[in-house]
Amino acid sequence: MNIKNIYTDVLIIGSGPGGAISGYEIKKKTQLNVLILERGKSKSTKLKPYSSQEMDEAYYKGGLSTCIGKGNLVLATAETLGGGSEINSGFFRELPKKVGLNWKKKINDFSLNDISQNLKKIGAILKVNSNNKDEGKASKVLKKGSDKLKLRSMRVSRWIKSKKINGTWHHLRYGMINTYLKMFKDLGGIIKTNTVALKICSYDKIKKIYTVKCLENNRTKYIECKYLFVCGGALMTPEFLLNSGIKKNIGNSLMLHQMSRLVAEFKEDKNENNFGVPVRQVDQYMSKMTFGCSVSTKQHLALWMSDNNNLIEILKNYKKYSVYYALINSQTRGKVLKTIFNKEPIVFYNITKKDIKDNQDAIRKLSKILFLGGAKKIYLSSGNASYQNELSFKNMRELNIFINSKNYIPELSSIHLFSSVRMGLDENCPLNSYGKLKEGSGNIYVNDASMLPTSVGVNPQGIIMALAKRNVENFIQNIKTQ
């Protein structure tokens, strides 16, 4: 049976921040037909944020992707309409000046001012806000401890609005579904969910047409397009390109922010189970390391305290416990590979001795802040500890002795993945300075977290969107002059 091919001028793979802003800008400024494919589905609005049910429905592999290599890192990435914008903390950070100046050396015509202006425009659409009344109790602990140490901390602006009604926190999220994807559809753009883009089957050099093989609700479909934007994220973008036979420098430069978590116990109630991610970050050491509050639902508390002998008692008194994170901006690079034995991509990543030292240093600094903020006890994850005890510490002296004597390596995870298909002038970068694939003479673009030249050290979503807007505006300008 012949399967009729679908045609669109522009095919965008992935509906996350990079894909959503690319689709909207092209529809707004050109007459091109644009189709966005999303391998996930639109998650139910009834799901509680950060719940195990949300992870099952909206995360790739239920949020449990692992790396092969030293450190046993766990990775979490979205698989839902709107991508990470529909499940993350909503933090909207500026590009650190030090990172931006480094990028100017790596990318042609890169302007810090252009990125800043793009962030302002994007922030207005996402309704990014800085409401001082939405800072929860756990967040104020960081402020108190930081102030005592004279460390810089800030209430981070978000595209999530939070307010307390009758003692319960309520949140309104302005992710891609309610902003860029909605505007894209209003302009006539088309979105297909439950559709996996498998590979490029062929490229007609005369007509300059790509044929992409897809699975739509597990049925094979073929889509033809003139322009192809791959925006599947730091794992799925290299997977698609590798499946398509595009291999040069693809997937060999994956970077990520390493995160360790600890639990603080307080005399008073600090845990507001329904808050989500409290809004304060300690950025005194940016962009080397950042400290903040983590999700502290009962389920997450149980996850990070699973080795504790008193877990049941802790969960009964969960309001006195909150989870915090220490993030380090590791310069280690991993690899995203495809083999004939695995349908899914494999991630190789080895943490280095420097990573271990930096994680230990970050835990020490964060613990000191929390003790001064009012914590009466700090709990570490079991990590590489060879024995199962409570791993609890009443002061910095006890904690330092443990870390030094055991060469402690915490359990590590990451939700910020990028740079697996880098843009830049270097010959080892597969993309040019505007995200276009260097290999061949076609029209393939990467416009998501994969393209970042380096890691950024802060929550990257706003930065990714600002860079994606820059790139897609260059694309539009070029096709209008052809």
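Only strands (runs of 3 or more DSSP E) whose full extent lies in the range 231-294 are considered here, and the ones with at least 2 residues that are more than 17 Å from the chain's Cα centre (by Cα) are 258-265, 280-282.
Out of the residues in the range 187-203 that are outside any strand (DSSP E or B) and touching a helix residue (DSSP H, G or I) at 6+ places or on another chain (Cβ under 9 Å), which is least open to solvent (accessible area, probe 1.4 Å)? Out of the qualifying residues, it is GLY189.
For the range 153-182, what are the residues that are touching a helix residue (DSSP H, G or I) at 6+ places or on another chain (Cβ under 7 Å), open to solvent by 30 Å² or more (accessible area, probe 1.4 Å) and in a loop (DSSP other than H, G, I, E, B)? Answer for the range 153-182, where residues must be touching a helix residue (DSSP H, G or I) at 6+ places or on another chain (Cβ under 7 Å), open to solvent by 30 Å² or more (accessible area, probe 1.4 Å) and in a loop (DSSP other than H, G, I, E, B): just ILE177. Taking the range 33-47 as the range and being in contact (Cβ under 8 Å) with a residue 12 or more places away in the chain, part of a loop (DSSP other than H, G, I, E, B) and surrounded by fewer than 16 Cβ atoms within 10 Å (Cβ to Cβ) as the test, only SER44 passes. Only a single item in (1) free of Cβ contacts under 8 Å to residues at least 24 places away in the same chain; (2) under 21 Å from ASN478 (Cα atoms); (3) not basic (Lys, Arg) is not met by ASP56, and it is number (2). Of the residues examined, ILE463 is one that is within 30 Å of SER367 (Cβ to Cβ) and either acidic (Asp, Glu) or in contact (Cβ under 8 Å) with a residue 40 or more places away in the chain (or both). If you go through the range 106-144 and keep only what is open to solvent by 30 Å² or more (accessible area, probe 1.4 Å), closer than 28 Å to THR168 by Cβ, assigned to a helix (DSSP H, G or I) and touching a residue at least 40 places away in the same chain (Cβ under 8 Å), you end up with LYS137, LYS140, LYS143, LYS144. Of everything in the range 270-291, what is within 13 Å of LYS365 (Cβ to Cβ) and in contact with a helix residue (DSSP H, G or I) (Cβ under 7 Å, 6 or more places away or on another chain)? Give them in sequence order. Matches in the range 270-291: VAL282, MET289, PHE291. The sole residue among GLU54, GLU25 that is surrounded by 18 or more Cβ atoms within 10 Å (Cβ to Cβ) and either within 22 Å of TYR210 (Cα to Cα) or among the small types (Gly, Ala, Ser) (or both) is GLU25. Hey, among GLU411, GLU427, which residue is of a type outside the set (S, T, N, Q), assigned to a loop (DSSP other than H, G, I, E, B) and more than 28 Å from TYR285 (Cβ to Cβ)? The match here is GLU427.
Looking at the structure I just gave you, is LEU37 under 15 Å from LEU235 (Cβ atoms), modelled with pLDDT of 90 or more and in contact with a strand residue (DSSP E or B) (Cβ under 8 Å, 6 or more places away or on another chain)? Here the answer is no, as LEU37 does not meet what is asked.
Taking the listed residues LEU431, LEU437, the one that is surrounded by 22 or more Cβ atoms within 10 Å (Cβ to Cβ), out of contact with any Ser or Thr (no Cβ under 9 Å at 6 or more places or on another chain) and hydrophobic (A, V, I, L, M, F, W, C) is LEU437, with no other qualifying.
For the criterion of being farther than 21 Å from LEU412 by Cβ, over 25 Å from the mean Cα position of the chain (by Cα) and of a type in the set (Phe, Trp, Tyr), TYR318 passes. For the range 411-431, the count of residues that are within 16 Å of CYS231 (Cα to Cα) and free of Cβ contacts under 8 Å to residues at least 60 places away in the same chain is at least one. Taken as a whole, the structure leaves GLU265 outside the set of residues that are in contact (Cβ under 8 Å) with a residue 60 or more places away in the chain, among the acidic types (Asp, Glu) and surrounded by 24 or more Cβ atoms within 10 Å (Cβ to Cβ).
So that you can scan it fast, the table gives a plain yes or no per residue for (1) in contact (Cβ under 8 Å) with a residue 40 or more places away in the chain; (2) over 30 Å from ASN428 (Cα atoms):
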| residue | (1), (2) |
| --- | --- |
| TRP169 | yes, yes |
| THR193 | yes, yes |
| CYS201 | no, no |
| THR211 | yes, no |
| TYR222 | yes, yes |
| GLU239 | yes, no |
| LEU256 | yes, no |
| SER260 | yes, yes |
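No other residue among LEU142, LEU149, LEU181, LEU112 is within 30 Å of LYS41 (Cα to Cα) and of a type outside the set (S, T, N, Q) apart from LEU181.
The values are calculated or read from the model by the stated rules, or taken from the named source; none is laboratory data. This structure is a prediction, so every number in the text was calculated from the model and none was measured. Virtual Cβ from ideal backbone geometry, glycine too; neighbours counted across all protein chains shown. We work out accessible area using only protein heavy atoms, side chains counted, and drop any ligands, DNA or RNA first. Shrake-Rupley method; radii C 1.70, N 1.55, O 1.52, S 1.80 Å.
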